[in-house]
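Data first, discussion second: the structure below is written as structure tokens.
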Amino acid sequence: MQGQSQQQAYDRGITIFSPDGRLYQVEYAREAVKRGTASVGVRTEDGVVLAADTRVRSPLLERESVEKLHKIDDHIGIASAGHVADARQLIDFARRDAQVNQLRYDEAIGVESLTKDITDQIQQYTQTGGARPFGVALIVGGIENGEPRLFETDPSGTPYEWQALAVGGNREDLIDFFEEEYREDLDLDGGIDLALRGLDTVGEEGVDPEGVALGTIDVETEQYRRHETEEIEGYVEEIDTGGDEE
């Protein structure tokens, strides 16, 4: 009985390490991320691509209300997977952080600096009693000093930099796909094609242009741009045509 009560203490207490050095609540937060639909990011020579699966479960739900891509600053965007409410809190934090940096230093915040500020915020919730970790993972993409940057935030508060990555459901399958298909010389259109093909490989019915959110930040303009459904339809048609030709 005593061993069971100790196990429950490790399981329920965010501030208590288990004997093997694990924080169970952080691991549960990672499981919450896996239950979310997938979001992907691809870094190319010309910019960064962010894409997210935004399929809705009911025809009565307005698609525009499903927000998984977010503009943080002119040169930075974020894609999320996991608990949407948790993501909104971190998105608001990131936007405030970017504005404070602009007002204080009269310059745009760096992508790496913003990511580490976000992960510092996340990490505080892994050691605070009466709180729980954020059940969300973010993909932070943007342009810094003329170079594309792409980062992931983990529920533990750890930042990672990637060339191409996925968070949320089917993460392992998407990572395997990117490891096989990614090339460092991709242009922006190639990155969009790779991101959509990745989502196509894990979707039960392929990619629905109305069920995908797509955003890019290119090196030339350093401006975040959200793509309309009509544009996404064109990219999806190219994927379908390419598959038929093969």
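By the gyration tensor of its Cα atoms, with a ≥ b ≥ c the square roots of the eigenvalues, what is the shape of region 106-145: rounded for a/c under 1.5, prolate for a/b over b/c, or oblate?
Prolate.
Which of ILE122, ILE192, ILE109 ends up with the largest GNM mean-square fluctuation for the chain, with Cα atoms connected below 10 Å?
Top of the fluctuation ranking is ILE109.
Can you give me the accessible area per residue for the chain, using a 1.4 Å probe, in Å²? All intermediate terms of the calculation are to be shown ahead of the outcome.
Values: 13240 Å² over 246 residues.
Here the per-residue accessible area is 54 Å².
Give the residue list of GluC sites (Glu not before Pro) in region 57-131 that are DSSP loop and have at most 11 other beta-carbon atoms within 10 angstrom. Please report the intermediate quantities before stating the final value.
Details: sites: GLU62, GLU64, GLU67, GLU107, GLU112; in loops: GLU62, GLU67, GLU107.
For GluC sites (Glu not before Pro) across region 57-131 that sit outside H, G, I, E and B with at most 11 neighbouring Cβ atoms in 10 Å, the list reads GLU62, GLU107.
Where nothing but the Cβ of Lys and Arg (+1) and of Asp and Glu (-1) is charged, how large is the charge dipole of region 128-227 around its Cα centre, in debye to the nearest 20?
Its charge dipole is roughly 640 debye.
Specify which residue in the list GLY130, VAL100, GLY190 is farthest towards the positive end of the charge dipole of region 93-194, using unit charges on the beta carbon of Lys, Arg (+1) and Asp, Glu (-1), about the Cα centre.
GLY130
Could you tell me the relative contact order of the chain? Use alpha-carbon pairs under 8 Å, at least six residues apart, and round to a whole percent.
27 percent
Carbon and sulfur atoms: what percent of the 1.4 Å accessible area of the chain do they account for? All intermediate terms of the calculation are to be shown ahead of the outcome.
Values: 5460 of 13240 Å².
After summing per-atom areas, the C and S share lands at 41 percent.
When a/c is below 1.5 the answer is rounded, else prolate if a/b is larger than b/c, else oblate, so apply that to region 166-246 with a ≥ b ≥ c taken from the square roots of the Cα gyration tensor eigenvalues.
Rounded, since a/c falls under 1.5.
According to a simple spin-label model (label point 7 Å from Cα along Cα-to-Cβ), what is the distance in nm between ASP92 and THR128?
My value for the distance between the label points is 1.3 nm.
Work through the residues other than LYS34 whose Cβ is under 13 Å from its Cβ and net out their charges, Lys, Arg +1 and Asp, Glu -1. Before the final figure, lay out the partial values.
Working: positive: ARG30, ARG35, ARG171; negative: GLU27, GLU31, ASP154, GLU172, ASP173.
Summing Lys and Arg as +1 and Asp and Glu as -1 gives -2.
Taking Cα atoms, how many degrees apart are the long axis of helix 24-34 and the longest axis of the chain, rounded to 10 and kept between 0 and 90?
For helix 24-34, the angle is close to 20 degrees.
Cα axis of helix 2-12 to longest principal axis of the chain: angle in degrees, 0 to 90, nearest 10?
40 degrees
What list of ³J(HN,Hα) values in whole Hz, one per residue of region 176-183 in order, does the Karplus curve 6.51 cos²θ - 1.76 cosθ + 1.60 (θ = phi - 60°) give from phi, with Gly and Pro shown as x?
4, 5, 5, 4, 7, 9, 6, 10
Could you work out how far helix 188-202 tilts from the main Cα principal axis of the chain, as a 0 to 90 degree angle to the nearest 10?
Tilt of helix 188-202: around 60 degrees.
Can you classify region 9-114 as rounded, prolate or oblate using the Cα gyration tensor, where a ≥ b ≥ c are the square roots of its eigenvalues, rounded means a/c under 1.5, and otherwise it's prolate if a/b beats b/c and oblate if not?
Oblate, because a/c is 1.5 or more while a/b does not exceed b/c.
The values are calculated or read from the model by the stated rules, or taken from the named source; none is laboratory data. Since we're looking at a predicted model, the values are computed, not measured. As a convention, Cβ positions derive from the backbone with ideal geometry for all residues, glycine included, and neighbour counts pool all protein chains shown. Remember, those area values only see protein heavy atoms, side chains included, never the ligands or the DNA or RNA. Shrake-Rupley method; radii C 1.70, N 1.55, O 1.52, S 1.80 Å.
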